[in-house]
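Peer 1: Please find one structure pasted underneath; my questions will follow.
The values are calculated or read from the model by the stated rules, or taken from the named source; none is laboratory data. Please read all numbers here as calculations on a predicted model, not as lab measurements.
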Amino acid sequence: MFSPGSKNWIKKFFALADLNRIDINDTQHLVGETDNDPAVQIQELSENTGLIYGSPNKLIFCNHLVSKATKDERLQLLLFESLIFIHRLHHPGKFDAKAFMDSLVDFYQMAPKEYGNKWYHFLHKRDTSHQLEKLFSKRVKIKSSYGERNFWFNHLSNNLVYIDLILFHSYCIDSSTKHKDNFASYAHLILGVMYGILNSTETDPLWDQRILRNLVHSSDMDDEQIMVCKSLTVENPSFESSIHTVKANPMLAHFTFHVFVLLYNKMPVASFTDQHPLHDFGHLLGLQKPEIEDVFWDCRKSMSEFSPEYYDLLSDSETRILFTHLTRKYHRVLGRNKDKLVRELKESKELISLVHQSTTRELTPEEKEKVKAQFKDLMKTVPSIGIYLLPGGSLWLPLILKLIPDLLPSAFKDNDLKSED
């Protein structure tokens, strides 16, 4: 079984590729052959997969292997797949997994951590794939109004993750382009353009403030940088400079206009005429009319075809999103592992029988000792069952499984590298 988000998912991905369960060359179903420009192919791929909107609508290589994954798990896998796609555009021929992984380490500037304890490096191997798994997990998450760490439920995802693709494409051309050096500046440019136009025009009730707020959370900028963006107007020289910089990078201009279209998701399609402000915004960014119309209709098609994926982005309230995600995760934990849990319980038939009898009669001292001993044995295999001993245990279980994933027994663990499934 392939479970993105669980430990070793990157190694499992490449193991499945070696077994031809994943075809890294299979992209023609998402990208046509009409344009050989890598930038255009990346844009087209990201529109079809949803990554350009921060939504994992389709995976590139693993749709047939991943069915029960959370949104953030699918988004980090989609980001990883998209980076592979870009690497292959620049390095055709036989795919070199090690060269690709090394390029990611350099691009994301993943310097090895230093630890004071001299025994640390002896006991803990530095594993590039594990470091990247942690990095991708962080890349798709954003801060929440409930706290600095997106609360416990990862209920919001990063709408600016497409910037990683723009930068990695540049890195493959010139390896001096690094993620840390440029992500914040690109995010600053996009938000500066957004707020410059918003502050200089009459407030449009169709602008979606929730998406704008989500973009701010995704930007990873500090409060001072955010305030600079929010204070811009079209008359400000900094705004003119931002527009010039964005127009100089067609991929960034194209993405910025996608964000504009998302901000108008409430607008009736009948209102999209040549006189609509979206055309003015597009021309300001250097786009021609056919590009403007293509982006608008591609966005609307994506939101219509994959409407559940945009729930988090368009929901009225973050509180509603949070509790919806809690419910989804509770059902996902049960659905993903119910067969394994049943298997563990079937091996404890006497325990189940005695527990059932205890509801109708008092168990003897000997039977109570049996229950105690067998329950301890069961907990060695399925520690999470012990949570049910707590008051309200059935409510605590999904929270504990999320916060302390090591409670999951071995039967629940995925990504066994020796398994072909």
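Peer 1: Evaluate segment 244-251: report whether one residue or more is modelled with pLDDT of 90 or more, part of a helix (DSSP H, G or I) and among the β-branched types (Val, Ile, Thr).
Peer 2: To start, the set of residues in segment 244-251 that are modelled with pLDDT of 90 or more comprises 244-251.
Narrowing further to those that are part of a helix (DSSP H, G or I): 244-247, 250-251.
Okay, now just the ones that are also among the β-branched types (Val, Ile, Thr), so 245-246.
Within segment 244-251 (the criterion being modelled with pLDDT of 90 or more, part of a helix (DSSP H, G or I) and among the β-branched types (Val, Ile, Thr)), the answer is yes, since at least one residue qualifies.
Peer 1: Tell me whether segment 276-293 contains one or more residues that are closer than 25 Å to VAL161 by Cα, of a type in the set (Asp, Glu) and modelled with pLDDT of 75 or more.
Peer 2: yes
Peer 1: Could you tell me whether any residue of segment 285-297 is farther than 22 Å from LYS180 by Cα, assigned to a loop (DSSP other than H, G, I, E, B) and of a type in the set (Lys, Arg)? Before the answer, list the steps.
Peer 2: Filtering segment 285-297 down to residues farther than 22 Å from LYS180 by Cα leaves 285-297.
With the extra rule that they be assigned to a loop (DSSP other than H, G, I, E, B), the set shrinks to 285-288.
Now drop any that are not of a type in the set (Lys, Arg), which leaves none.
Among the residues of segment 285-297, not one is farther than 22 Å from LYS180 by Cα, assigned to a loop (DSSP other than H, G, I, E, B) and of a type in the set (Lys, Arg), which makes the answer no.
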